[in-house]
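**Q** Structure below; questions to follow.
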Amino acid sequence: MQIIDEAKNIVLVGLMGSGKSAIGRTIAKKLGRRFIDTDRYIERKIGKTTAEVFEQDGESKFRAFEKEVIKKISQYIGIVIATGGGVIKDPENFHYLKKSGWIIALYASPATLYKRIEGKRIRPLLLNEEDPVKKLEEIFNERKTMYTQADFQIDTEGKEIDQIADEIVNLLNASSRINS
Ligand code: S3P
């Protein structure tokens with residue numbers, strides 16, 4: 001597979017559980033591109049999990065690390081980036097990512113999102129929440145105006161990772177053709 005515009009980054013945004021990392025990794029493999037997951041990148045740099053940063057240093061410190069990382073990796077060329085779900089809350093982050101390439105927003109219902117992340121890596125924003133599905137819905141409502149500013153909107157409900165990755169690559173190829 002190839003993509004016409006090789007310099008542009010492919011940036012995945014969406015709520016936790018929307019599939020950013022798995023889909024991003026698959027797209028990167030298909031296109032022979034480097035893949036960066038911003039949460040894992042932060043964790044490697046500071047030697048703590050995101051959950052530990054939230055607990056020990058607070059969310060604002062995590063957002064500051066996140067912002068530094070976004071600024072840095074949006075200078076890279078031709079890579080695939082899976083962001084943390086809250087990256088787009090900061091308009092400057094959105095601006096940097098937008099300048100670096102295509103932004104693709106991934107969606108699924110709150111119930112599906114929760115089913116995908118339940119029992120997996122700790123998501124600090126859902127910790128001790130009595131109704132995590134409702135909380136996901138609230139977070140989505142807070143962020144939806146940012147997610148909808150992405151270049152492409154992809155519904156992931158009921159689809160396989162590989163199928164979604166192909167859908168995105170095809171969309172980007174079609175859009176590169178139209179704009180070239
Ligand atoms: C967050 C999502 C998490 C992680 C942090 C905050 C959010 O990433 O960055 O816990 O604000 O939605 P995932 O979207 O990969 O779970």
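Bear in mind that the values in this text are calculations on the coordinates, not laboratory data. Keep in mind that what you see is a predicted model, and the values were worked out from it rather than measured. Positions of Cβ are generated from backbone atoms using ideal geometry, with glycine treated the same way; all protein chains shown enter the neighbour counts.
**Q** Could you list which residues have their amide H under 5 Å from that of G14, counting only those 5 or more apart in sequence or on another chain, with H placed in the peptide plane?
**A** L106
**Q** Another question, then. How would you rank L126, L113, L106, going from fewest to most other Cβ atoms within 10 Å of each one's own Cβ?
**A** On the way: L126 19, L113 29, L106 25.
Final ranking by Cβ density, sparse to dense: L126, L106, L113.
**Q** Another question about this same structure. Any number yet on Rg/Rh for region 84-147, C-alpha, Kirkwood?
**A** On the way: Rg = 13.1 Å, Rh = 13.0 Å.
Taking Rh as the inverse mean 1/r over Cα pairs, Rg/Rh reads 1.00.
**Q** Further question: What pairs from K61/K144; K30/K72; K29/K134; K8/K134; K45/K134 go past 28 Å between their alpha carbons?
**A** Going by Cα-Cα distance, K29/K134; K8/K134; K45/K134 fall outside the 28 Å limit.
**Q** With no solvent and one equal point scatterer placed on each C-alpha of region 1-88, evaluate the Debye formula and give log10 I(q)/I(0) for q = 0.14, 0.22 Å⁻¹, two decimals.
**A** -0.49, -1.07
**Q** Please turn the phi angles of region 156-165 into ³J(HN,Hα) values with the Karplus equation 6.51 cos²θ - 1.76 cosθ + 1.60 (θ = phi - 60°), one per residue in order, whole Hz, x for glycine and proline.
**A** With coefficients 6.51, -1.76 and 1.60, one gets 9, 4, x, 10, 7, 3, 4, 5, 5, 4 Hz.
**Q** Shifting gears a bit: Reachable aspartates and glutamates from K99, Cα under 13 Å, same-chain residues fewer than 8 places away excluded?
**A** Of all the aspartates and glutamates, those that pass the test against K99 - Cα under 13 Å, at least 8 places apart if same chain - are D151.
**Q** Shifting gears a bit: Using the alpha-carbon atoms, what tilt in degrees (0 to 90, nearest 10) does helix 132-147 show relative to the longest principal axis of the chain?
**A** Between the helix axis and the principal axis of the chain, the angle is about 40 degrees.
**Q** Where does region 9-157 land on Rg(C-alpha)/(2.2 N^0.38 Å)?
**A** Numbers: Rg = 14.4 Å, N = 149, 2.2 N^0.38 = 14.7 Å.
For region 9-157, the normalised Cα radius of gyration comes out at 0.98.
**Q** Next question, about the same structure. As a test, work out the antiparallel percent of DSSP beta bridges whose residues both lie in the chain, rounded to the nearest 5.
**A** Here the share of antiparallel DSSP bridges comes out near 0 percent.
**Q** So, one more: What residue among I46, N128, I117 has its Cα farthest toward the positive end of the dipole of the chain, where the charges are +1 on Lys, Arg and -1 on Asp, Glu, each on the Cβ?
**A** I46
**Q** 222 nm [θ] for the chain, helices only, -39500 (n - 2.57) per DSSP H run of 4+, per residue, to 500?
**A** Mean residue ellipticity at 222 nm (helix-derived): -17000 deg cm²/dmol.
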